[in-house]
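Undergrad: Sending over a structure as structure tokens; questions will come in a sec.
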Amino acid sequence: MSAVTDNKPKARWGAVLAPVLIDLVVPLLIFYGLRRAGVGVVGATLAGSVIPVVRTAYSLVRGAKVDWLAIFMISALALGTIASLAMDSPRMLLAKDGVITALCGFWMLGTLLAGKPLLLSIGRGIAEAKRGKGGGEIWASRWDTEPRFRHGLRLITAVWGIGLVLDAVVRVVIAYTLPLDAVPGVTTTQWIALFVVLYGFMIVYSRKNDLLA
């Protein structure tokens, strides 16, 4: 057992799931509330999209370092929304989140080809938040000395990347096949289920193989 993991705080599901639920459940409630009030699909979808954009923007302002993932998310949301409005396509607007998750998935898989998986950078940030900069450096230094550590981070990154790409395919199919009003509820439900599976796998595998940051 590595000394780095002694007295390591346990992963907190609440801290991870809370922002996910805010980004998913609150926009869903806004969408169906506005639809019930007679607002169109496009207007209701855009109103719900404000919540994740505001939360992501707040994380950028609050963060001491540039959060490239947050910048990417805001940019992708903005471009997807503009393209949907320009094409006057409610279904494209509903499918845009699938395009975003696909890009995130391919990004994660791309970091594997680049040499260092995205989970290494994310894990280092988590370790720094828990134990300071020194703790983050100690955890990340295991990449250079422990083959099992490298294999584990690569595997988790690959699972997340593939999962996000598959999620994107499902989202787009749902957006273009189901009735418009059913799309947000179905895609939100399937994404929450997928996220729980992916995050659960990551935590269980990380604990078993001494990878937790």
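The values are calculated or read from the model by the stated rules, or taken from the named source; none is laboratory data. All values reported here derive from a predicted model rather than from experimental measurement. For neighbour counting, all protein chains shown are included, and Cβ atoms are generated from backbone atoms with ideal geometry for every residue, glycine included. All accessible areas refer to the heavy atoms of the entire protein, side chains included, with ligands and DNA or RNA removed. Shrake-Rupley method; radii C 1.70, N 1.55, O 1.52, S 1.80 Å.
Undergrad: Could you work out how far apart the two model spin labels at TYR58 and LEU194 are, taking each label as a point 7 Å from the Cα in the direction of the beta carbon, and quote it in nm?
TA: 2.6 nm
Undergrad: Using the heavy atoms of the protein chains and a 1.4 angstrom probe, tell me the accessible area per residue for the range 85-202 in square angstrom.
TA: Numbers: 5750 Å² over 118 residues.
Ligands and nucleic acids excluded, the figure is 49 Å² per residue.
Undergrad: Further question on the same structure: Which whole-Hz couplings ³J(HN,Hα) result when phi for each residue of the range 114-121 is put into the Karplus expression 6.51 cos²θ - 1.76 cosθ + 1.60, θ = phi - 60°, listed in order with x for Gly and Pro?
TA: Computed from phi, the couplings for the range 114-121 are 6, x, 10, x, 4, 4, 5, 5 Hz.
Undergrad: Under a point spin-label approximation (7 Å from Cα along Cα-to-Cβ), what is the LEU29-VAL173 distance to one decimal in nm?
TA: According to this spin-label approximation, the distance is 3.1 nm.
Undergrad: Tell me, in nm to one decimal, what length is gained between GLU137 and ALA37 on full extension, where the rule is 0.36 nm per residue of separation less the Cα-Cα distance? Working shown, then result.
TA: Values: separation 100, 0.36 × 100 = 36.00 nm, distance 5.25 nm.
Gain on extension, GLU137 to ALA37, equals 30.7 nm.
Undergrad: Report the FRET efficiency, 1/(1 + (r/R0)^6), for VAL204 and ALA114, where r is their Cβ-Cβ distance and R0 is 25 Å, rounded to 0.05.
TA: On the way: r = 27 Å, r/R0 = 1.07.
Between VAL204 and ALA114 the formula returns 0.40.
Undergrad: Now a separate question. At ILE162 and GLU146, where each label point lies 7 Å from the Cα along Cα→Cβ, what is the point-to-point distance in nanometres?
TA: Result for the modelled spin labels: 2.4 nm.
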